[in-house]
Amino acid sequence: MAMFVFGLAFSGNVSDIPVAVVNHDSPAAFGNQTDLSLGASIVEHLDPDLIRMVPAADEAAAVAMVERGEARAAVIIPRDFTRDVIASIFNASFRGNTSVFVRLDRSNVNVAADLERAVAVAMQEAVKDLGRPAPIKLDDSQPIYGKDAKFADFFIPGIMTFAVFLLTNLLTITGFVQERLAGTLDRLGASPLTEGELVLGYSLGYSLVALLQSVILITVAVVVFQITIVGPIALAFLIVALLAIASQALGILLSAAARTEAQAVQFLPFLVFPVFLLSGIFWPVEAIPVWLRPLSWAVPTTYAVEGLRSVMIRGWGLERVAPFILALALFGLVFLVLARLSLKRSRR
């Protein structure tokens, strides 16, 4: 299973990334060509496998799409770009606009780097139409998100998500199985407690530990690693806490189906590998084969990673990350209901 998941997750390249493209360039005469347009040539040479172009009316509209998360970058080709490039070829002192502007969302450094590289390659291919060197430049100095972000700012939210999910599941599964082996569950089963009350009680107990774990992780990330949190830190904590609650609920569900610690441990590969590879923690979801990507959104950690990066790097508020929060809450609720049903069946 490990080789299967690794092979699938790492067999693809980043692809199908939405990019808002604004081309204000107009054709100009150059040599025997009367309608040369470097802007159109750049757009034509953008890698169609990597970039899914989304048309935008102007720069403001393109930037707004990136700010809303509908696109990962905005590519803006200015007015009279071809004319200014031609003029600068014959006059080195010409001060026209020969830059293509790329406004990136750097919340995912791997995706941003691939997009920037693709635009640079397209520009090089477009210049070949001139038959001589041209002083065109790529200006990426104004990213929309993550301007001063370090690699650790991208990496740490994934590490936090992975640590919370894995450790909370381990604690809950082993603790619940030990309760079963010690006979505690049998004694509680003889009490007037219902299965729902029993699951809720254990869930509250493990949730307190999970919340403490979340506080420690956020504190270490900020104090020790000096991670930048652009958005509200309370919102980042809420996302981590909801993931921890959902993780312990999943732990109770799985432990209800295990009779011994050895059986419980056998669940771990089915938890670790999908989370490690399909959640975008270390490898972009956009690099997973397209037909496999829907599975990424069936894993709660995907919502936690995206939510944390959106708060910490993009600076999004509650209204923007609400879908991620609702998804994590729904996962926790579903896992608790399933745990109750599983425990009820196992006590018959």
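Nothing in this text is a laboratory measurement; each read-out follows from the coordinates by a stated rule. This is a predicted model, so every value here is computed, not measured. FYI the Cβ positions are ideal-geometry reconstructions off the backbone, even for glycines, and counts take in every protein chain you see.
From the P(r) of segment 151-346, could you give the percentage of C-alpha pairs in the tail past 24 Å?
40
At a threshold of 8 angstrom on Cα-Cα distance, excluding pairs fewer than six apart, so keeping six or more, what relative contact order does segment 221-303 reach in percent?
Working: 37 pairs, mean separation 17.4, N = 83.
Averaging sequence separation for qualifying contacts and normalising by length gives 21 percent for segment 221-303.
Using the Cα atoms of the chain to build a convex hull, what is its mean projected area in square nanometres? Provide the component values of the computation, followed by the final result.
On the way: hull surface 82.5 nm².
About 20.6 nm², averaged over all directions.
Hey, what angle do you get for helix 318-346 against the long axis of the chain, alpha-carbon based, 0 to 90 degrees rounded to 10?
Helix 318-346 sits roughly 30 degrees off the main axis of the chain.
If you stretched the chain out fully between Val209 and Ser93, how much longer would it get, using 0.36 nm times the residue separation minus the C-alpha to C-alpha distance?
35.1 nm
Over the chain, what is the relative contact order in whole percent, taking alpha-carbon pairs under 8 Å and six or more residues apart?
Contact order relative to length: 20 percent.
For a quick check of your reading of the filter: which GluC sites (Glu not before Pro) in segment 46-110 sit in a DSSP loop and have no more than 14 other Cβ atoms within 10 Å?
Filter output for segment 46-110: Glu70.
Provide the FRET efficiency to the nearest 0.05 for the Ile159-Arg79 pair, computing r from the beta carbons and using R0 = 41 Å.
Efficiency at R0 = 41 Å is approximately 0.35.
For segment 198-284, what does the alpha-carbon gyration tensor say about shape, rounded, prolate or oblate, given a ≥ b ≥ c as the root eigenvalues, a/c under 1.5 as rounded, and a/b over b/c as prolate?
Cα axes put segment 198-284 in the oblate bin.
What angle do you read, to the nearest 10 degrees and between 0 and 90, between the alpha-carbon axis of helix 195-223 and the longest principal axis of the chain?
40
Please compute the length gained on full extension between Asp16 and Val334, using 0.36 nm multiplied by the number of residues separating them and subtracting their Cα-Cα distance. If you can, show how the numbers build up before the last one.
Values: separation 318, 0.36 × 318 = 114.48 nm, distance 3.16 nm.
The Asp16-Val334 span can extend by a further 111.3 nm.
Over the Cα atoms, compute the radius of gyration (one decimal) and Dmax (the largest Cα-Cα distance, rounded to a whole number) for segment 1-102, in Å.
For segment 1-102, the Cα-based Rg and Dmax read 18.1, 62 Å.
Suppose the chain between Ala298 and Met53 were pulled fully straight at 0.36 nm per residue; how much longer would it get relative to their current alpha carbon spacing?
Contour length minus the Cα-Cα distance gives 85.5 nm.
Specify the angular offset, from 0 to 90 degrees and rounded to the nearest 10, of the alpha carbon long axis of helix 109-127 from the longest principal axis of the alpha carbons in the chain.
Taking the Cα atoms of the chain, the angle to 109-127 is about 20 degrees.
Relative contact order, percent, of segment 151-346 when contacts are C-alpha pairs under 8 Å separated by at least 6 residues?
35
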